[in-house]
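Below: one structure, written as structure tokens.
The values are calculated or read from the model by the stated rules, or taken from the named source; none is laboratory data. This structure is a prediction, so every number in the text was calculated from the model and none was measured. Protein only, heavy atoms only, side chains kept; ligands, DNA and RNA dropped before computing areas. Shrake-Rupley method; radii C 1.70, N 1.55, O 1.52, S 1.80 Å.
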Amino acid sequence: MRYADLLREYGALARKAKKEEEAIKILMLHHSKMAGNELYLRINEIPEPAFLDKFKEDCQKYLTEEVPVQHLTGCDYFFGYQFIVNKNVLIPRRETEELVEHTLYLYDEIFKNAPVKILDIGTGSGCIAITLKKEIEKSAIWATDISIEALEVAKQNAKNLSADVNFLTGSVYEPVKNKCFDIIISNPPYIPEAEDVCNLVRNNEPHLALFGGNDGLKFYLEIINEAKSYLNKRTFIGFEHAFDKALAIKEIALKAFPKAEIRQFKDMQGLDRFTFIINN
Ligand code: GLN
């Protein structure tokens with residue numbers, strides 16, 4: 001059987017099992033160690049038996065168990081960088097890449113390539129902090145998380161990607177008392193505790209990273225209301241949030257920073273997803 005036949009066969013099984021067809025391709029790329037374009041060129045070749053065993057075993061797991069494909073491959077891609085992921089960290093979401101994009105644009109607009117100190121709160125896998133370090137040459141980055149296990153993953157990711165980030169354990173600002181920043185970024189846990197979450201997420205991703213109190217606003221309140229002690233003069237705070245919380249977060253922001261400019265953006269799906277509080 002050629003790669004093409006395997007893709008077709010297992011793709012059909014995925015559709016039948018109501019799973020992501022894309023996952024089959026991810027497993028094929030992972031086990032064949034090929035980049036997308038290489039697989040495309042060699043799609044009519046017949047794979048080695050060693051590949052076949054591993055590929056089929058993981059496809060079987062993916063199709064029959066409730067497991068994210070990223071936990072089978074042990075990694076995910078964020079902004080083109082490869083990150084290790086496991087049960088201790090949130091799997092990076094595509095929206096979060098957009099949070100980083102907006103942050104980069106705003107950095108250019110406001111700081112114009114000047115040196116900046118950035119704080120990423122609730123860093124998880126470290127995807128935001130590490131990507132910002134890679135993309136903003138003159139940045140010094142601090143990243144906090146309450147989970148020691150998550151920070152172990154983040155530190156390994158930083159090492160693999162040669163990114164110099166200061167990872168500190170503790171809740172929100174606790175580990176950075178007495179420090180001031182130019183930019184604060186966070187994709188905090190924002191699902192209300194009582195909300196329904198599909199089993200694939202609920203059974204595989206850390207609840208610490210998912211749930212943000214009764215209304216999902218707990219961390220926004222804490223981050224915004226305490227921000228003043230941790231901010232320099234010209235600053236911005238950038239958040240990812242639930243699609244139905246844009247207004248609530250804007251209100252919290254204007255209460256704490258009445259003179260701030262608030263910019264809000266939708267994600268690729270057209271949902272209100274990002275809020276920036278700019279003190280310029
Ligand atoms: N900052 C990490 C991410 O965006 C983790 C976020 C979280 O755990 N809520 O993926």
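In a fully extended conformation the segment linking residue 82 and residue 44 would gain 11.0 nm over its present Cα-Cα distance, using 0.36 nm per residue. Taking the chain as the reference, fit the longest principal axis to its C-alpha atoms, fit the long axis of helix 22-32 to the helix C-alpha atoms, and give the angle between the two in degrees, 0 to 90, nearest 10. Orientation of helix 22-32: about 70 degrees from the principal axis. Result for the chain in a Gaussian network model with C-alpha springs under 10 Å: among 208, 151, 39, the largest mean-square fluctuation is at 39.
With θ taken as phi - 60° and the Karplus curve 6.51 cos²θ - 1.76 cosθ + 1.60 applied, the whole-hertz 3J(HN,Hα) list for region 146-160 is 7, 8, 5, 5, 5, 5, 4, 5, 4, 5, 5, 4, 5, 5, 4 Hz, x standing for glycine and proline. For the chain, the calculated P(r) over all alpha carbon pairs, in 10 Å bins from 0 to the bin holding the longest distance, is 6, 27, 32, 20, 11, 3, 0 percent. Computed over protein heavy atoms with a 1.4 Å probe, the carbon and sulfur contribution to the accessible area of the chain reaches 51%. Highest GNM mean-square fluctuation among 112, 228, 155, for the chain modelled with Cα contacts below 10 Å: 112.
For the residue pairs 133/177; 25/250; 25/117, the C-alpha atoms sit more than 32 angstrom apart in 25/250; 25/117.
A Gaussian network model of the chain, with springs between Cα atoms under 10 Å, assigns the largest mean-square fluctuation among 74, 213, 36 to 36. For the set 54/159; 61/155; 112/155; 112/266; 112/233; 87/218, the pairs lying more than 26 angstrom apart at their alpha carbons are 54/159; 61/155; 112/155. Under 5 Å from the amide H of residue 273 lie the amide H atoms of 265, 266, 267, each residue being 5 or more positions distant or on a separate chain, with H modelled from the backbone and absent for Pro and chain starts.
Relative contact order of the chain: 14 percent, from C-alpha pairs under 8 Å at least 6 residues apart in sequence.
Residues in the chain average 50 Å² of solvent-accessible surface per residue, probe 1.4 Å, ligands and nucleic acids excluded.
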